[in-house]
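Structure record follows, encoded as structure tokens.
The values are calculated or read from the model by the stated rules, or taken from the named source; none is laboratory data. Keep in mind it's a predicted model, so treat the numbers as computed, not measured. Note that each Cβ is placed from the backbone with ideal geometry, even for glycine, and that neighbours are counted across all protein chains shown. Ligands, DNA and RNA are stripped out before the accessible areas are found, and what is left, the full protein with its side chains, is counted by its heavy atoms. Shrake-Rupley method; radii C 1.70, N 1.55, O 1.52, S 1.80 Å.
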Amino acid sequence: MSKTRITRRRLLVSAAGAAGGAAFYGPWTHTRVYAQPSMKPIRIGITSDASGQYANSGASDRRGMLMAIAEANARGGVLGRKIEYVHLDTETTPATGSRVAERLITRENCGFLIGAIHSGVANAISQVAQKYGVIYLNTNSSAPSEAGANCHRVKFVWDANGTNFAKASVKAAIEKYGKKWVLLTNDYVWGHTTSAATKALLKQYGGDMLEEILVPQGTRDFSSQLLKIQQLNPGVVAAAIGGDDQKAMRQQIAQLGMGNKPIWLNNQQDWPDVYGLPLDNLFGMFGTTWYYKLDLPGVADFVKRYQTMYPDTGMRVPGNVFYNGYFATRELLHSIERAGSTNNIKVIKALEGHKMPARDRMQHHDAWIDPVTHQVQQTIYQATANVGTQDKDDMFKILASTSPQDAMDTGASGACKLESYEATPTFDA
């Protein structure tokens, strides 16, 4: 297993040894040259939350990355080089995300950055990464703007976004549960952009938005919002509430007996946000990109590897956040191998347009990295609570799946303007 944290001193010492005593500098606009490049570790900066609203998801995200790194090192590394990493807490705060990215690049000498749950944090990290030309994999933040207006040449977005999830569910929910909707929205970039996608689909399919209720991040008492929903009496509440906010919301809805009426449509349900809750808290329908009980080749072995590596983790089975962290890291390392180089432009080109067979990703449809937006286009699943299960870990019942083509965020390509290769600083990690 890789070390969970490598000190700055250890990093600099190992780097100096790898370079034969030569001075070591962070990635700038020129190409670095080392006397023995195969001896120098490939260093990854992990930018995941360890505190704040998304701390639980950040821990799961990180575990996925570390398993991919450990497996690569067990195979001999990448291009004959060991993978090392440094993790710094982004604290669910964009300003901290910027500082963390700057430090990982300029002081900790990381040639790649991976991680994010909060979309504002991901956007902040990506701006710093683009300034230095450092490839950044946004593993788990889901604002449509991440692959749209806030896209960058160095950034690759691995989770499905709010538009993908809305396209997989809104039309069917209007047809089944009625046209009168209330939107319950976390008051930050992911909530706003996800809500915008839902509003557009409501308009397209003849739905009626009675009201949108904005919920500040950090809300723990939802009594006023739930009272307002009772007064409005909608057929559907479309919730874009995440992290610890969502956990508090679900618990209070269940306590009030509001889980079955109105129908609750949660745009996306991250596994760490509900794992361990009573099933009566897991009401309504929700989207996900993966589930550990999918009847597909490789799933059982993936779960076993997770449990072997993390025998003491309270979360006994992997979820979608772990899945995204793992596959983003694995595909980054594979792209370095395909490029035959750690040159950032060569690795970017190896990622752009890359196709990933469904069997390899344990999904129902082939996935690919959109070369225009750098978002992974993938299968979207609709799920609900697995009522009646005797297995406390088997909380989801998968209802349906939507192909990447049908769920695709077609507006992202018009909003995304990737920097040119020439305008992106180049270096070799």
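What to note about this one:
- Free-standing Cys, the chain [no other Cys Cβ under 4.7 Å]: 110
- Integer Hz, Karplus 6.51/-1.76/1.60 couplings in order for segment 70-83, x for Gly and Pro: 4, 5, 5, 5, 5, 8, x, x, 10, 6, x, 10, 5, 9
- For the chain, a simple Cβ point-charge model (Lys and Arg +1, Asp and Glu -1, everything else neutral) yields a dipole of about 920 debye relative to the Cα centre.
- Kirkwood hydrodynamic radius (C-alpha pairs) into Stokes-Einstein, segment 55-104, 37 °C and 0.692 mPa s, D in µm²/s: 265 µm²/s
- The largest-to-smallest principal axis extents of the Cα set in segment 257-411 are 55, 41, 23 Å.
- For 372, 299, the ranking by accessible surface with the largest value first comes to 372, 299, using a 1.4 Å probe.
- For residue 346, the accessible area of its heavy atoms, probed at 1.4 Å with every protein chain present, is near 120 square angstrom.
- Estimated vicinal HN-Hα couplings, Hz - segment 178-184 in sequence order (Karplus 6.51, -1.76, 1.60; Gly, Pro = x): x, 8, 8, 10, 10, 9, 10
- For residue 399, residues with placed amide H under 5 Å, excluding near neighbours: 382, 383, 384
- For q = 0.14 Å⁻¹, Debye-computed log10 I/I(0) when each Cα of segment 305-378 counts as one equal scatterer: -0.53
- Other-chain or far-sequence residues with amide H under 5 Å of residue 155's (modelled H): 136
- Under conditions of 4 °C and 1.567 mPa s, segment 134-255 yields 85 µm² s⁻¹ as its translational diffusion coefficient, taking Rh as the Kirkwood radius over Cα pairs in the Stokes-Einstein equation.
- Percent of beta bridges antiparallel (DSSP, the chain, rounded to nearest 5): 35 percent
- Other residues whose C-beta falls under 15 angstrom from the C-beta of residue 403 contribute a net charge of 0, scoring Lys and Arg +1 and Asp and Glu -1.
- Solvent-accessible surface (1.4 angstrom probe) belonging to residue 316, in square angstrom, nearest 10: 70 Å²
- Heavy atoms of residue 295: accessible area, 1.4 Å probe, square angstrom to 10: 150 Å²
- Convex hull of the chain built on C-alpha atoms - directionally averaged projected area, nm²: 19.0 nm²
- Largest accessible area first, the residues 199, 397 order themselves as 397, 199 under a 1.4 Å probe with ligands, DNA and RNA left out.
- Gain on full extension, evaluated as 0.36 nm per residue between residue 359 and residue 415 minus their Cα-Cα distance, stands at 17.0 nm.
- A straight Cα-to-Cα reach below 18 Å connects residue 180 with the aspartates and glutamates 208, 211, 212, residues fewer than 8 places away in its own chain not being considered.
- Cross-link table 203/349; 171/397; 171/349; 304/397; 40/247; 131/171, entries beyond 32 Å C-alpha to C-alpha: 203/349; 171/349; 40/247; 131/171
- Per-residue accessible area (protein heavy atoms, 1.4 Å probe) orders 422, 91, 102 as 422, 91, 102, starting from the largest.
- Residue pairs exceeding 18 angstrom between C-alpha atoms, taken from 179/261; 82/346; 155/417; 176/261: 82/346.
- For segment 232-246, 3J(HN,Hα) per residue [Karplus equation, 6.51 cos²θ - 1.76 cosθ + 1.60, θ = phi - 60°, Hz, x = Gly/Pro]: 6, 6, x, x, 9, 10, 9, 9, 10, 10, x, x, 5, 4, 5
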